[in-house]
Amino acid sequence: MSERTYRPEGIADDFTTGAPTSTADAVPGAAGQPPSAPRAPQLGWRGMLRWTWRQLTSMRVALMLLMLLAVAALPGSILPQRDQDPSAVVEYLGEHPTAGEWLDRFGFFDVYTSVWFSAIYLLLLVSLVGCIVPRTIAHARALRARPPRTPVRFERFPVHVTGTTAESPDEVAAAAAAHLRGRWRRMPTFRVEAGAEDARPARGKVPARPATRTVAAERGYLRETGNLLFHLALVGLVISVAVGQLLHYRGQAIITEDRGFANAVVDYDTFESGAWFSPESLVPFAMTLDAFESEFATDTVAFAQSRDFTAEVTVHEPDGSSRAETIKVNHPLDVDGAKIYLQGNGYAPEISVTDAEGATAFDGRVPFLPEDQVYTSRGVVKVPDVSPGLDQIGLIGYFLPTAVLNDDGTAESVFPLPEDPLLVLEVYRGDLGLDEGVPQNVYRLDTANLTASVDDDGERVTLLLEPGDTVELPDGLGTVTLGEDVPRFVALDLRHDPSLAWVLSFALLALLGLTGSLFLPRRRVWVRSWTSDGVTQVEVAGLARGDDAGLEPEVDRLLTALPGLERARPTRTSEED
Amino acid sequence: MEIGDLSDLLVWAAATTLALAMIAFAIDLGRRTDERLEARTETRAAIGAGVGAPEAGSASGGGSVPAESSAPPRRAAGIGMSTSWLGTILLGVAILLRGVAAGRTPWANMYEFTLVGSFVAMTVFLVWNLRRDVRFLGAFVTGLVTLFIVVGLNSFHVAATGVQPALQNYWLVIHVGVAIAATGIFTIAFVLSALQLLRDARDTGSPFLTRPGFRWLDRMPTPTSLESMSFRLNAVGFVMWTFTIIGGAIWAEDAWGRYWGWDPKEVWSFIIWVVYAAYLHARTTRGWSGRRAAWFVVVGYACVLFNFTGVNLIFNGKHSYSGIS
């Protein structure tokens, strides 16, 4: 193997000779090197390392790793994943205790961060780097090299044309060189080298020839450049994704109309960040939700399907300035490098509870989380014991934006907009654990140790409240009031990932490189011209790397550019159906 | 009649027309087989008479010269082509009307994806045929497309209507449009690779495929030639798929607040990308080009089909836009 053309072990993308290759298996050694048989034993540890490295960077291993990667990605789409849906994982573990435990042990619920998945893609990256770096160096050298020398015989090439002309060989060579270079001096189509050969006697099958003029030309260096660019960009892509993972942060906050939040770790309902994140990097802006609008389809085909969500907000910058902004689905708001997404919305009715002593025990907006398309929303009110000696009260219920009462006394929502809102509550009393200082999920009420309020028949009491209603709580617990207005809430997702621009740039570079490596033709063309019996003989050959339907037209264009050429016999060695 | 209903009627008409085209192409394949048989018999006769004695193999290479070059126009194939054009135009009009009825880009759910994907596959076939004779593909392409359209009508059909906020973006046109086009191109490439494998197996003496019923395979281009055609399409498809993934990531960054989240559809798009990447590598790996590489195309296309059907209908992900409840 010559030093100039580094080839990864096992690659076979040479310039094709046009001879039909066997479709089953390519001929061993076709790429000019012997087939690599395992020959580990006598190598010693250093040779062993070398051999391992050669294998790892070989095409065959890269291919295996690619196939493994595809297979390894599979389970993540079948089994629930912690990153996407943690509650589904818990549910799965509950349903399949034994299998689930083993699957969990082997990382099947965190496939894309598991050891084995990471191992495959890291090995693939190492293999890629080990293959691409020497190739890049070789290509950088090739870029400065001259086109390959004009071969002695043209007969073996896939495209081979001979002809005669009245012009001199010098003129033929000059015309060929000018045509092949193309119009732009700085960006020649072909890299061209004109040369001359001395007269030579007959040798073997080649007849004697007088002195000749030759032109050797090659195009398509960008094809390899594109190939390398693609692979290097993939490495860059993976690195920038990893850096983004380390630096990013993401916080979720639920805010109701006319209320706001500040960009501080404590102000988020949930907050997660990468290992290199520092809380000081949060820009301390604040935001208020001025209004939230939603639209839903009213046609029969897609009744109640969402059509538009718009949150009107005001952003207060740390420097004291403030400005009005809009957040929509698909149109996140960019504030100080962080993006704020509208990820959810619903109703947060104002509920107040007065206890048996007449003291206000609870007064606030309670977000009810929508559970279906018509915003049947579930929420929980946890009322502390403000007056001494009383029970804590828990209210669980549904908020129905447009309620319809059924004959059996149940109620359901039929449309997501608040046209006829109704709040349906069940009442529990007992120790909610509010005094223990342990953080609780505000959307869940553990009723196991609580007493439900029942009527005389033993049925659960359900309270129905329309906006503005005040209703007696059962068992003399007090009263509950639903506010006149029903404020909306929005779930906002704030995310900052400084690597985004890098990720995008590398992805686009990869696309560019890929396109170049697949569609830029790599061709070599040679012209030889000499005078024999007072007539100028011209011989042209063309060679391409890989399949190239455009090689023949390329040579044809060259021929028409040669002055006064008459083709002798168009020879096509390439096999066509 | 509503515009949406008219569109559905036209889709049925297109499916019928394309089914007819498939029959015509199938007749053409059969006819070509007869012709080839005649050629073979002639050769045998010539050998028997001791005249010239051409190699028996030369007849199969498409070089049974005079009989073919002066062959009568293949009327069945011609009918196949004109019905294909008609069916494709009907399908195109149906898609346009669908867009008018829904008041948006007509590729936002599975049914519409099926229609447009079929339309792209037909268009690739028809336009390619303007440049070189690929009528041998006709029976398979029209057959697959008819199957897709009928499955679409029967299983995926939903009435034309608007889309939810997450889909209201110009990326719907670009990301989904390119994904559909890539799928259409992969379809034709799959047909080519499947034919390559069949023809190759027949040439190497597979007991099943050497039966007389598969004589039509002899009239397909050589495996090498099929391979190179398939590669050209797959290369285009792969670049488009890469763009689909990048475009999808850009859109997801805006719509879902992350550019990549291993949603089932993303996982499968990744798998498809890796399989086709493996195919491109296999082509240039010694010992893996040719037949083995063609298997990658088959596997890759199976993944494309599963990504469209299985992932939409079985898995619950963010890409569940089938509209089928």
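The values are calculated or read from the model by the stated rules, or taken from the named source; none is laboratory data. As the structure is a prediction and not an experimental result, all values here were calculated from the model. As a convention, Cβ positions derive from the backbone with ideal geometry for all residues, glycine included, and neighbour counts pool all protein chains shown. Note: areas computed on protein heavy atoms with side chains; ligands, DNA, RNA excluded. Shrake-Rupley method; radii C 1.70, N 1.55, O 1.52, S 1.80 Å.
Which is the longest run of chain B containing none of the GluC sites (Glu not before Pro) found in DSSP loop states (not H, G, I, E, B) with at most 11 other C-beta atoms within 10 Å? Kindly include the intermediate steps, with their values, before the conclusion.
Working: sites that count: B:GLU2, B:GLU55.
Counting at most 11 other Cβ atoms within 10 Å as exposed, the longest clean stretch of chain B is B:56-325.
Set Lys and Arg Cβ to +1 and Asp and Glu Cβ to -1, take the dipole of region A:130-242 about its Cα centre, and tell me which of A:HIS160, A:PRO188, A:ALA174 lies farthest positive.
The listed residue farthest towards the positive side: A:PRO188.
How much net charge surrounds B:PRO223 when only other residues with a Cβ under 9 Å from its Cβ are counted (Lys, Arg +1; Asp, Glu -1)? Numbers along the way, then the final one.
Numbers: positive: B:ARG199, B:ARG291; negative: B:ASP200, B:ASP203, B:GLU227.
Net charge around B:PRO223: -1.
Leaving ligands, DNA and RNA out of it, work out the accessible area of B:ILE185 with a 1.4 Å probe and give it in Å² to the nearest 10.
Looks like 20 Å² after rounding.
Could you work out what % of the accessible surface of region B:213-325 is carbon and sulfur, using a 1.4 angstrom probe and leaving DNA, RNA and ligands out of the count?
Details: 2370 of 3540 Å².
For region B:213-325, the apolar C and S fraction of the accessible surface comes to 67 percent.
If you take the charge dipole of the protein assembly as shown about its Cα centre, with +1 on Lys and Arg Cβ and -1 on Asp and Glu Cβ, which of B:THR83, B:ASN129, A:VAL243 is farthest toward its positive end?
With unit charges placed on the Cβ atoms, the residue in question is B:ASN129.
For region A:311-463, state what percent of all Cα-Cα pairs lands in each successive 5 Å bin, counting from 0 Å until the bin that includes the largest distance.
Histogramming region A:311-463 at 5 Å steps yields 2, 8, 13, 15, 15, 14, 12, 9, 6, 3, 1, 0, 0 percent.
On the first, second and third principal axes, largest extent first, how far apart are the outermost C-alpha atoms of region A:278-378 in Å?
On the principal axes, region A:278-378 reaches 51, 46, 26 Å in Cα extent.
Using only Cα atoms, find the angle between the long axis of helix B:75-102 and the longest principal axis of chain B, and express it within 0 to 90 degrees, rounded to the nearest 10.
Tilt relative to chain B: about 0 degrees.
Using Cα pairs closer than 8 Å and at least 6 residues apart in sequence, work out the relative contact order for chain B, in percent. Could you put the intermediate results ahead of the total?
Numbers: 395 pairs, mean separation 62.6, N = 325.
Result for chain B is 19 percent.
On a 0 to 90 degree scale, rounded to 10, what angle separates helix B:138-151 from the longest Cα axis of chain B?
30
Provide the descending list of Cα extents for region A:468-557 along its principal axes, expressed in whole angstroms.
Largest first, region A:468-557 extends 124, 26, 22 Å along its Cα principal axes.
List the trypsin sites (Lys or Arg not before Pro) in region A:247-338 that DSSP assigns to loop (not H, G, I, E or B) and whose Cβ has at most 14 other Cβ atoms within 10 Å. Which are they? Each step should come with its number before you reach the end.
Working: sites: A:ARG250, A:ARG259, A:ARG307, A:ARG323, A:LYS328; in loops: A:ARG259.
In loop regions of region A:247-338 (DSSP not H, G, I, E or B), the sparsely surrounded trypsin sites (Lys or Arg not before Pro) are A:ARG259.
Could you order the peptides A:198-207, A:216-225 from most to least packed, using the average number of other C-beta atoms within 10 Å per residue? Mind dumping the intermediate values first?
On the way: A:198-207: 9.4, A:216-225: 20.2.
Order by mean packing, descending: A:216-225, A:198-207.
Using only the heavy atoms of the protein chains and a 1.4 Å probe, how would A:GLU295, A:GLU167 rank by accessible area, largest first?
Descending order: A:GLU295, A:GLU167.
Counting alpha carbon pairs within less than 8 Å and at least 6 residues apart, what relative contact order, in whole percent, applies to region A:449-577? Let's see the in-between values first.
Details: 84 pairs, mean separation 13.5, N = 129.
Contact order relative to length: 11 percent.
Give the separation of the Cα centroids, region A:274-331 to region A:458-493, in Å.
28
Taking the Cα centre of region A:115-269 as the origin, how large is its charge dipole in debye, to the nearest 20, when only Lys and Arg (+1) and Asp and Glu (-1) carry charge on their Cβ atoms?
1120
Might you tell me the accessible area per residue for chain A, computed with a 1.4 Å probe and given in Å²?
Numbers: 29500 Å² over 577 residues.
Value returned for chain A: 51 Å² of accessible area per residue.
Averaged across the residues of A:496-509, what count of C-beta atoms belonging to other chains lies within 10 Å of each residue's C-beta?
Numbers: counts 0, 3, 0, 0, 3, 0, 0, 6, 5, 0, 0, 8, 3, 0.
What the average comes to for A:496-509 is 2.
Please give the Cα centre distance for region A:193-270 versus region B:250-301, rounded to the nearest Å.
Computed from Cα coordinates, the inter-centre distance equals 18 Å.
Within region A:405-489, which GluC sites (Glu not before Pro) sit in a loop by DSSP and count at most 12 neighbouring Cβ atoms inside 10 Å? Could the numbers behind the result be given before it?
Details: sites: A:GLU412, A:GLU419, A:GLU426, A:GLU436, A:GLU459, A:GLU472, A:GLU484; in loops: A:GLU419, A:GLU436, A:GLU459, A:GLU484.
Loop-located and lightly packed - A:GLU419, A:GLU436, A:GLU459, A:GLU484.
Write down the Kirkwood hydrodynamic radius of region A:181-258, to one decimal in angstroms, obtained as one divided by the mean of 1/r over all alpha carbon pairs.
One decimal place: 19.1 Å for the Kirkwood radius.
How crowded by other chains is B:156-164, given as the mean number of beta carbons from other chains within 10 Å of each beta carbon? Walk me through the intermediate numbers first.
Working: counts 0, 0, 2, 4, 2, 7, 7, 5, 9.
Shielding by partners across B:156-164 averages 4.
In degrees, nearest 10, range 0 to 90: what is the angle between the Cα axis of helix A:551-561 and the longest Cα principal axis of chain A?
50
Taking only DSSP H segments of four or more residues, each worth -39500 (n - 2.57), what value at 222 nm results for chain B once the sum is divided by all its residues, to the nearest 500 deg cm²/dmol? Working shown, then result.
Numbers: 10 runs with 218 residues, N = 325.
Helix contribution divided over all residues of chain B: -23500 deg cm²/dmol.
Roughly how large is the B-A contact in terms of buried accessible area, totalled over both chains, probe 1.4 Å, nearest 100 Å²?
Rounded to the nearest hundred, the buried surface is 5200 Å².
Just going by the charge dipole of the protein assembly as shown, with Lys and Arg at +1 and Asp and Glu at -1 on Cβ, which of A:ALA510, A:THR256, A:VAL266 is farthest out on the positive end?
Towards the positive end, the residue furthest out is A:ALA510.
At 4 °C and 1.567 mPa s, what whole-number value in µm²/s does Stokes-Einstein give for the translational diffusion of region A:432-491, with Rh from the Kirkwood sum over Cα pairs?
Rounded to a whole number, D works out at 89 µm²/s.
Work through the residues other than B:VAL299 whose Cβ is under 15 Å from its Cβ and net out their charges, Lys, Arg +1 and Asp, Glu -1. Provide the component values of the computation, followed by the final result.
Details: positive: B:ARG283, B:ARG291, B:ARG292; negative: none.
Once all neighbours under 15 Å are counted, the net charge is +3.
Can you spot the lysines whose alpha carbon is less than 23 Å from A:LYS339's alpha carbon? Ignore those fewer than 8 places along the same chain.
Once the sequence-local lysines are set aside, what remains near A:LYS339 is A:LYS328, B:LYS318.
When you look at the Cβ of every residue in A:66-74, what mean number of other chain Cβ atoms sits within 10 Å? All intermediate terms of the calculation are to be shown ahead of the outcome.
Details: counts 10, 7, 2, 6, 12, 3, 2, 7, 4.
So the per-residue partner count for this stretch is 6.
What Kirkwood hydrodynamic radius, in Å, does chain A give when the mean of 1/r is taken over all pairs of distinct Cα atoms and then inverted? Intermediate results must be reported in sequence, preceding the final value.
Details: mean 1/r = 0.0317 Å⁻¹.
Result for chain A, one decimal place: 31.5 Å.
Can you give me the Cα centroid spacing of region B:143-193 and region A:104-167 in angstrom?
34
Rounded to the nearest 20 debye, what is the charge dipole size of the protein assembly as shown about its Cα centre when +1 sits on each Lys and Arg Cβ and -1 on each Asp and Glu Cβ?
On the way: 76 positive and 99 negative charges, 1945 e Å.
The dipole magnitude comes to about 9340 debye.
A:VAL335's amide H: which non-local residues (gap 5+, or another chain) put their own amide H closer than 5 Å, with H modeled 1.01 Å from N in plane and none for Pro or chain starts?
Counting only residues 5 or more places away or on other chains, the set is A:ILE340.
Please get the size of the charge dipole for chain B, origin at its Cα centre, with Cβ charges of +1 on Lys and Arg and -1 on Asp and Glu, quoted in debye to the nearest 20. Let's see the in-between values first.
On the way: 25 positive and 20 negative charges, 140 e Å.
The dipole of chain B has a size of about 680 debye.
Eigenvalues of the Cα gyration tensor times 5, then square-rooted: what semi-axes does that give for chain B, in whole angstrom, largest first? Can you show the working numbers first?
On the way: eigenvalues 335, 117, 38 Å².
Equivalent ellipsoid of chain B: 41, 24, 14 Å, largest first.
Counting Lys and Arg as +1 and Asp and Glu as -1, what is the net charge of the other residues whose Cβ lies under 11 Å from the Cβ of A:TYR112? Provide the component values of the computation, followed by the final result.
On the way: positive: A:ARG82; negative: A:ASP83, A:ASP110, B:GLU266.
Charge balance in the 11 Å sphere: -2.
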